[in-house]
Amino acid sequence: MTDPDQTQIDPFRELNRYDDRTEDWRSSTVYESPRRTVANGWAKFHADRGCGSDRVYYVEGSGSVASSDTYDYDLRCWSCGYRVDEDAVLFVGGEWFREYGWRHFGRPVDDLSIPADRVLDLGPDPDQNELIRALNLTRIERKASVFGLSFGNESYDDCEDCGQETFLLFDGRCRMCYDGEWTDRMQQTLDAAERSIRERNGSFVHRLEDQIDPLSIKGRAFEDKILWRRHDAEPVPKLVEVTQCLTDDSDGHWEYVLTDMAHTREWRYHEDDLADCFWDTGLYNGDHDDRIRDVWERVRDD
C-alpha cells in the first residue's frame, strides 16, 4: 500500500532529473511558478566552470522579446558573473529535502551550504547517495568547527560511544571513537583545536622549527651565536660558534665563519647550508658561558 504522506513515488527525481533539463529550451520545471527560489524551498549551486558557489539567482532577462514568464528570467551566478544554464546548476530542495535531505544536513534549506569543491565533485546531477554523503560530511564538519573557540567558555558534550566529555565531536563521537569518513576539513579542525590547546597551556612545541632556525631573526645569523650540528655526518663538532658574518655584495647573500669552542679550527658556510646543517641553541658566547661550558662538556666527544 502506498504511504499516504508520499505525494511522489521518487521525490529525489525532481531535483535535477526532470524532463527537458538538457534541451535547447528552458524547462517549465525550473522557471515557471513556483520558481526554485529559497522562499519556495530550493537552494542552487553553480556546479560548473570551477565555481561551486551557492550564489545563483534569478535575474530578470532583458534580451528576450518572448512574452512567456519562462523567458523573463535568467539564472546568473554572482560569484563568477556568468549566466548559468540549467544543466550547470545543482538544485537541492523541494519535497525531497523537506522529507529527507534536512535530516542528513541538520538545517533548513535556507541555511544550506556545501563547500565549493564538494559541489564540483557532485556535479549538477548527482546520484541520491552521493548527495546524501555530501550533506552528511558537511553537517559533521560544520558541527565540529572550532571557529570562535574561547577557552573558559567552551561547552562539553558526552561522546555517544565512550561517554567521555569533549568539546569536539564528530557525528556525536569523539575523535577516538569516530569511525566514519575522515576529510581534510575535519583534520584541519582537529589541528586548529590542538594548536589552541597548546597555546592555552603555554606549550609552543608547534613553533619549535621557528625557534631553532638559525636564521629566524631578521633572516640571518649573528656573531657569537652558538649552533648545534643537525647531522652526524657533518664534519664539524656538535657545538660551533659563529665568529664572522660576511655579506656578498654581488647578490647580497650571507656567509658565516664558524669555529669550534676552542677556536682552533674554522669552517665557512653559505646561508642556505647553515640553515640546513644547524639548529640555533639560543645561546650566545659571553652571555651564557656557564651554560655553554656545561653543554660542551657533555657533547664534546660526539
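Brief remarks follow.
- Magnitude of the charge dipole, the chain, Cβ model with Lys/Arg +1 and Asp/Glu -1, debye to 20: 640 debye
- When you count the other C-beta atoms within 10 angstrom of each residue and take the mean per peptide, 110-118, 158-166 line up highest first as 110-118, 158-166.
- Estimated distance in nm for a label pair at E95 and R142, the labels positioned 7 Å out from Cα along Cα-to-Cβ: 2.5 nm
- The value obtained for the range 112-200, namely the Cα convex hull volume divided by the number of residues, is 111 Å³ per residue.
- In the range 32-147, Cα pairs under 8 Å separated by at least six residues give a relative contact order of 28 percent.
- Across the alpha-carbon atoms of the range 247-302, the computed radius of gyration and Dmax are 13.6, 41 angstrom.
- Our summary of shape: the Cα atoms of the chain have principal axis extents of 93, 57, 34 Å, ordered from largest down, in whole angstrom.
- Sequence-distant contacts, meaning Cα pairs under 8 Å at least 6 residues apart, place the relative contact order of the chain at 11 percent.
- Fully extending the segment from F222 to D294 would add 23.7 nm, taking 0.36 nm per residue of separation and subtracting the current Cα-Cα distance.
- Eligible lysines near K225 by straight Cα distance, threshold 20 Å, same-chain separation 8 or greater: K238
- Dipole of the chain, positive direction: furthest Cα of L75, Q188, P235, with charges on the beta-carbon: L75
- GNM on the chain, alpha-carbon springs under 10 angstrom: the most fluctuating residue among S250, S62, S196 is S250.
- Each stretch of four or more DSSP H residues adds -39500 (n - 2.57); spread over every residue of the chain, this sum gives -7000 deg cm²/dmol at 222 nm.
- For peptides 98-107, 235-244, sequence by mean Cβ density within 10 Å, most packed first: 235-244, 98-107
- Max mean-square fluctuation residue, GNM over the chain, Cα-Cα springs under 10 Å, options D273, D248, D191: D248
- Ordering G282, Y269, Y57 by the projection of their Cα atoms onto the charge dipole of the chain, which places +1 on the Cβ of Lys and Arg and -1 on the Cβ of Asp and Glu, puts Y57 at the extreme positive end.
- Angle in degrees between helix 184-200 and the longest Cα principal axis of the chain, rounded to the nearest 10: 50 degrees
- Whole-number accessible area per residue in Å² for the range 225-301, which is evaluated in the context of all protein chains at 1.4 Å: 57 Å²
- Size of electric dipole in the range 225-301: Cβ of Lys, Arg +1 and of Asp, Glu -1, about Cα centre, debye, nearest 20: 420 debye
- In this Cβ point-charge picture (+1 for Lys and Arg, -1 for Asp and Glu), the range 32-147 has a dipole of about 600 debye about its Cα centre.
- Note: relative contact order over the range 224-288, using C-alpha pairs below 8 Å and six or more positions apart, is 38 percent.
The values are calculated or read from the model by the stated rules, or taken from the named source; none is laboratory data. Owing to the predicted nature of the structure, the values given are computational and were not obtained by experimental measurement. We place every Cβ from the backbone using ideal geometry, glycine too, and count neighbours over all the protein chains shown. For accessibility, only protein heavy atoms count, side chains too; no ligands or nucleic acids. Shrake-Rupley method; radii C 1.70, N 1.55, O 1.52, S 1.80 Å.
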